[in-house]
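Take a look at the structure set out below.
The values are calculated or read from the model by the stated rules, or taken from the named source; none is laboratory data. Just so we're clear, the structure is a prediction, and the values are computed from it rather than from any experiment. Heads up, the Cβs are rebuilt from the backbone with ideal geometry, glycines too, and the neighbour counts pull from every protein chain shown.
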Amino acid sequence: MKYTTLSALALPVLASAHGHGVAHRARQDDGSAELSDANAAGTGTATNSLPTTISFSLITENPTAIPISDIRTGTAQLQSTIAISTTYAAGARPTQISSAAGLPDALALNPKDYPTLDKTPPTDTPEVQEWISQVMNSGVDIPDIPVTNPGGCGNNTAALANAAQNCWWTCGGCVRDTDITTCPTKDSWGVSYDDGPSPYTPNLLQYFDQEDIRATFFVVGSRAISRPAMLQDEYMMGNQIAVHTWSHPYMTTRTTEEVIAELGWTKKIIHDALGVTPLYWRPPYGDIDDRVRAISTAMNLTPIMWTRISADMTFDTTDWSIPGGTSTAASVLDKWNLIMGNSTKIDTGFIVLEHDLFEQTVDIATGYILPQALAHVPKYNMTPIIECLNMPLANSYIETNDNSTNPPPLAAALANRTSTSGSASAGTASSTASSSSSSSSGHSGSGSSSEGSTSSSSGAAAGIAFNSGLISAALGMVAGASALLF
Ligand SMILES: *[C@@H]1O[C@H](CO)[C@@H](O)[C@H](O)[C@H]1NC(C)=O
Ligand SMILES: *[C@@H]1O[C@H](CO)[C@@H](O)[C@H](O)[C@H]1NC(C)=O
Ligand SMILES: *[C@@H]1O[C@H](CO)[C@@H](O)[C@H](O)[C@H]1NC(C)=O
Ligand SMILES: *[C@@H]1O[C@H](CO)[C@@H](O)[C@H](O)[C@H]1NC(C)=O
């Protein structure tokens, strides 16, 4: 194992916040898991209706896992973190992509050259103006769909009425056939983690290294400029790097110029840190409609969602809502059990929503979800999403993509337009029973679970998912050690 625990990084405040430090204890062999620890309730207010015991038997777990009862709801949780395995010299090349350029020098990147963290970047800068003009001159029609209000379906009467027409995923789960939502081959899992790189990402990478797992990381631009060496480690270990916007907004609430700024800066920081430019992205909270879709096509980004087979079965573990208090470790593992159950009932493979932003989400992945997946019968073929689509890792990026077999989305859209003689359609709406039935069944606002519970009518959902002090607490705790970390 190439990682070592750096106890020097366990700051005093952490030691007291997490009494047992990094001492993990093995759990009983029979795999039964019970939560009796009052600590598990944390300070969350919404935990009463959530399970505090998991209702299925764990087949297996990581022997060094954090006990389930120590994965706390309703609070930021700050254990000691570990260092990334390796820092890479400028010019190093990823072994898995022979044609990639050498790595840029991560130390040369200066956050001052990038927009303010966690805010939609201004649109009047030269970079963004250039990207806007590229989009406007791309040949892709950007439909004139109004921006949505914050607050999802419940706060958007007009957009809700047009949700099916505009293929607004948030209210009804509509997807176009240009969106990636599954892996084609049964029992293949296109593994992904969103919202990093975070201080907990190396814990996840360590487990990947130990178990020979690779995944797709949908990275937030603000996080990437904060931790470029960690992004390089993800990339050099053979993971797929994809865009998850600069500041993680609900993209349909942003103007076209702002959407361009969010995507453009994230493409740029990834290119500046890795020397390659992603061809794939995931909209935060799944919040995409035909306007946002068209902009992303014009910017050569293909959307990757997560599998949704019905209004009440979206492959979202809801791990992201443990710190905010609307999920518990037990409810996430119960949901994961239902996802595994449903995965064997569908004819395709699948894509699941998980996160590497918070300690809890990484602890539950490395301790429970991934060990369960590795032990699954029939065996899951776990790969980055690009590989579950039967493509080489190189097709993740503009510079190394095989353009003849995987036309980039802009070229594909333009070729399609020509061949369908001027049709402005961005594609046909998915006709699965699930999306059309829920698109037309009144959208009570609870039809689609999502990355940020966008279907709830409360703007608080966004706060829980991303904007609250939990994030700064989770990320800020390493401020004093940032020089050591990256
Ligand atoms: C609903 O939309 C209005 C108009 O944009 C906004 O001012 C308000 O904050 C939104 N409400 C919620 C709960 O997000
Ligand atoms: C599939 O998901 C549905 C909805 O959550 C659930 O009721 C059902 O039990 C799941 N199926 C399996 C086999 O787990
Ligand atoms: C695919 O096209 C892009 C953009 O024109 C180019 O940079 C890249 O080198 C091409 N890929 C290959 C493998 O030649
Ligand atoms: C091409 O057009 C067809 C028919 O409108 C559509 O189903 C398909 O998704 C389009 N493909 C692309 C890459 O836009």
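Read through the list (1) free of Cβ contacts under 8 Å to residues at least 12 places away in the same chain; (2) within 16 Å of ligand 4 (Cβ to nearest atom); (3) part of a loop (DSSP other than H, G, I, E, B), then give the number of the only condition that ASN406 fails.
Result: ASN406 fails condition (1) only.
Collect the residues in the stretch 144-173 that are over 24 Å from the mean Cα position of the chain (by Cα) and surrounded by fewer than 18 Cβ atoms within 10 Å (Cβ to Cβ), keeping them in residue-number order.
Residues satisfying the conditions are ASP144, PRO146, ASN155, THR157, ALA158, ALA161, ASN162, GLN165.
Just one of ALA106, ALA89, ALA100 is closer than 28 Å to PRO199 by Cβ, in contact with a strand residue (DSSP E or B) (Cβ under 8 Å, 6 or more places away or on another chain), in contact (Cβ under 8 Å) with a residue 12 or more places away in the chain and away from ligand 2 (no atom under 16 Å from the Cβ); which is it? I'd like the intermediate steps shown before the answer.
Details: ALA106 fails: in contact with a strand residue (DSSP E or B) (Cβ under 8 Å, 6 or more places away or on another chain); ALA89 fails: in contact with a strand residue (DSSP E or B) (Cβ under 8 Å, 6 or more places away or on another chain).
Answer to the check: ALA100.
Looking only at the stretch 275-284, decide whether some residue is aliphatic (A, V, I, L, M), in contact (Cβ under 8 Å) with a residue 60 or more places away in the chain, within 15 Å of ligand 4 (Cβ to nearest atom) and over 28 Å from GLN77 (Cα atoms).
Going through the stretch 275-284, the residues aliphatic (A, V, I, L, M) turn out to be 276, 279.
In the following step, the residues that additionally are in contact (Cβ under 8 Å) with a residue 60 or more places away in the chain were identified as 276, 279.
In the following step, the residues that additionally are within 15 Å of ligand 4 (Cβ to nearest atom) were identified as 279.
Cutting the leftovers down to over 28 Å from GLN77 (Cα atoms) gives us 279.
Yes, there is a match, as at least one residue in the stretch 275-284 is aliphatic (A, V, I, L, M), in contact (Cβ under 8 Å) with a residue 60 or more places away in the chain, within 15 Å of ligand 4 (Cβ to nearest atom) and over 28 Å from GLN77 (Cα atoms).
Between a first residue in the stretch 139-160 that is small (Gly, Ala, Ser) and a second residue that is within 16 Å of ligand 4 (Cβ to nearest atom), which pairs have beta carbons less than 7 Å apart while being 6 or more apart in sequence or on different chains?
Pairs that qualify, where the first residue is small (Gly, Ala, Ser) and the partner is within 16 Å of ligand 4 (Cβ to nearest atom), are GLY139/LEU414.
Yes/no per residue for (1) closer than 30 Å to GLU354 by Cβ; (2) within 16 Å of ligand 1 (Cβ to nearest atom):
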{"residue": "PRO94", "(1), (2)": "yes, no"}
{"residue": "GLY102", "(1), (2)": "no, no"}
{"residue": "LYS119", "(1), (2)": "yes, no"}
{"residue": "PRO126", "(1), (2)": "no, no"}
{"residue": "VAL147", "(1), (2)": "yes, yes"}
{"residue": "ALA159", "(1), (2)": "yes, yes"}
{"residue": "VAL175", "(1), (2)": "yes, no"}
{"residue": "TYR193", "(1), (2)": "yes, no"}
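Taking the conditions exactly as written (assigned to a loop (DSSP other than H, G, I, E, B) and more than 16 Å from ligand 2 (Cβ to nearest atom)), does THR326 satisfy them or not? Reasoning before the result, please.
On the way: assigned to a loop (DSSP other than H, G, I, E, B): yes; more than 16 Å from ligand 2 (Cβ to nearest atom): yes.
Considered against the rule, which asks whether it is assigned to a loop (DSSP other than H, G, I, E, B) and more than 16 Å from ligand 2 (Cβ to nearest atom), THR326 comes out as yes.
Just one of GLY196, GLY286 is among the small types (Gly, Ala, Ser), under 29 Å from GLU61 (Cα atoms), surrounded by 24 or more Cβ atoms within 10 Å (Cβ to Cβ) and in contact with a Phe, Trp or Tyr (Cβ under 7 Å, 6 or more places away or on another chain); which is it? Steps first, please.
Working: GLY286 fails: under 29 Å from GLU61 (Cα atoms).
Answer to the selection: GLY196.
Give me the residue from the stretch 369-388 that is crowded, with 16+ Cβ neighbours inside 10 Å and out of contact with any helix residue (DSSP H, G or I) (no Cβ under 8 Å at 6 or more places or on another chain) and, out of that set, farthest from ALA100 (Cα to Cα). Can you show your working first?
To start, the set of residues in the stretch 369-388 that are crowded, with 16+ Cβ neighbours inside 10 Å comprises 369-374, 376, 380, 382-388.
Narrowing further to those that are out of contact with any helix residue (DSSP H, G or I) (no Cβ under 8 Å at 6 or more places or on another chain): 371, 383, 385, 388.
On the way: PRO371: 32, THR383: 20, ILE385: 19, CYS388: 21 Å.
My answer is PRO371.
With the structure loaded, tell me whether ALA365 is part of a helix (DSSP H, G or I), more than 16 Å from ligand 2 (Cβ to nearest atom) and under 20 Å from the mean Cα position of the chain (by Cα) or whether it fails that test.
Details: part of a helix (DSSP H, G or I): yes; more than 16 Å from ligand 2 (Cβ to nearest atom): yes; under 20 Å from the mean Cα position of the chain (by Cα): yes.
Criteria met by ALA365.
With respect to LYS119, determine if the residue is surrounded by fewer than 13 Cβ atoms within 10 Å (Cβ to Cβ) and in a loop (DSSP other than H, G, I, E, B).
Numbers: surrounded by fewer than 13 Cβ atoms within 10 Å (Cβ to Cβ): yes; in a loop (DSSP other than H, G, I, E, B): yes.
Yes: the conditions hold for LYS119.
How many residues are surrounded by fewer than 24 Cβ atoms within 10 Å (Cβ to Cβ) and either modelled with pLDDT under 95 or aliphatic (A, V, I, L, M) (or both) if we restrict to the stretch 334-368?
Looking only at that region, the number is 5.
So which residues in the stretch 212-223 are assigned to a helix (DSSP H, G or I) and touching a strand residue (DSSP E or B) at 6+ places or on another chain (Cβ under 9 Å), if there are any at all? It would help to see each step written out before you state the result.
Taking the stretch 212-223 as the starting set, the residues that turn out to be assigned to a helix (DSSP H, G or I) are 221-223.
If the condition is that a residue be assigned to a helix (DSSP H, G or I) and touching a strand residue (DSSP E or B) at 6+ places or on another chain (Cβ under 9 Å), then GLY221 is the only one that fits.
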